[in-house]
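First comes the structure, then the notes that go with it.
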Amino acid sequence: MTRLALHSLENAPEASRPFLERSLKNNGYLPNLVALLAGAPEALEAYLTVGELNARGALSLAEREVVQITAAVIHGCGFCTAGHSAIALKKAGFGQEAVLALHEGGATGEPRLDALASFTREIIATRGAASEAAYRAFLASDFNERQALDVVLGVSLATLCNFANNLGQPPINPELLPYSAGVLGR
């Protein structure tokens with residue numbers, strides 16, 4: 001049961017409605033995260049705006065999904081784990097085994113992506129104060145300074161979504177359930 005209201009086009013605050021319409025058009029359904037954030041129009045706008053900025057950064061779609069899934073798993077957000085797993089599988093070219101490995105904090109078999117997941121975990125665990133060794137290992141995996149900052153940007157986006165979901169406790173949309181931790185691969 002959700003703790004915070006899930007809004008629709010009919011009952012959302014007026015300022016949230018254009019964002020809900022855009023989300024419906026882009027997804028074909030209204031993700032419960034968006035329905036939840038609609039209760040605070042500025043939070044919904046921040047989520048969508050930071051998401052757009054994150055997409056324009058120096059990390060590829062696959063790399064951004066590694067950051068998002070890693071953060072969602074660490075933050076205990078099943079909704080975002082499922083949502084980003086769906087994107088990783090449908091749009092970013094991931095195989096199921098790699099996504100399952102990210103769910104478990106294990107190795108994907110792609111050294112560069114594993115280095116990114118490791119650096120993301122370090123950024124979250126240290127609240128950005130990554131050790132010199134972790135930063136150097138990230139750079140040694142063919143990443144650069146801009147991409148390190150883009151990891152921070154991705155973690156910021158994930159934190160907004162993960163924490164809103166954890167607070168609001170919305171159910172995972174039926175469209176995303178097959179990508180949930182513990183369901184994917186069964």
Between A148 and S60, what FRET efficiency follows from the Cβ-Cβ distance if R0 is 25 Å, with the result rounded to 0.05? 0.95
Under a Cβ-only charge scheme (Lys and Arg +1, Asp and Glu -1), can you give me the dipole magnitude of the chain about the Cα centre, in debye to the nearest 20? 180
Pop the C-beta distance of A107 and N11 into the FRET formula with R0 = 35 Å and round what comes out to the nearest 0.05. 0.20
Selected from S23, N11, Y47, residue furthest toward positive end of dipole (the chain; charges at beta carbon): N11
Is there a quick way to get the dipole size of region 16-79? I mean about its Cα centre, with the Cβ of Lys and Arg at +1 and of Asp and Glu at -1; what is the value in debye to the nearest 20? 120
Inter-probe distance in nm under a simple model that places probes 7 Å from Cα toward Cβ, at M1 and E45: 3.4
How large is ³J(HN,Hα), in whole Hz, for each residue of region 107-118 in order, when computed from phi with the Karplus curve 6.51 cos²θ - 1.76 cosθ + 1.60 and θ = phi - 60°, using x for Gly and Pro? 7, 7, x, 10, x, 5, 5, 5, 5, 5, 4, 4
Among V73, G168, A137 - extreme Cα towards positive end, dipole of the chain, charges at beta-carbon: G168
Could you tell me the relative contact order of region 14-179? Use alpha-carbon pairs under 8 Å, at least six residues apart, and round to a whole percent. 31
Given that just one value was derived from the coordinates, which of [x] 51, 36, 26; [y] 86, 49, 26; [z] 48, 44, 28 is Cα extents along the principal axes in Å? [x]
Report the one residue of G105, T126, A115 whose Cα lies farthest in the direction of the positive end of the charge dipole of region 103-143 (charges on C-beta: Lys and Arg +1, Asp and Glu -1; origin at the Cα centre). T126
Rounded FRET efficiency, nearest 0.05, which uses the C-beta distance separating Q169 from L24 and R0 of 30 Å: 0.85
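Bear in mind these aren't lab numbers, they're just calculated from the coordinates by the rules spelled out. The shown structure was predicted, so the numbers you read here are calculated from the model rather than taken from an experiment. Glycine also receives a Cβ, built like all others from the backbone with ideal geometry; neighbour counts cover every protein chain displayed.
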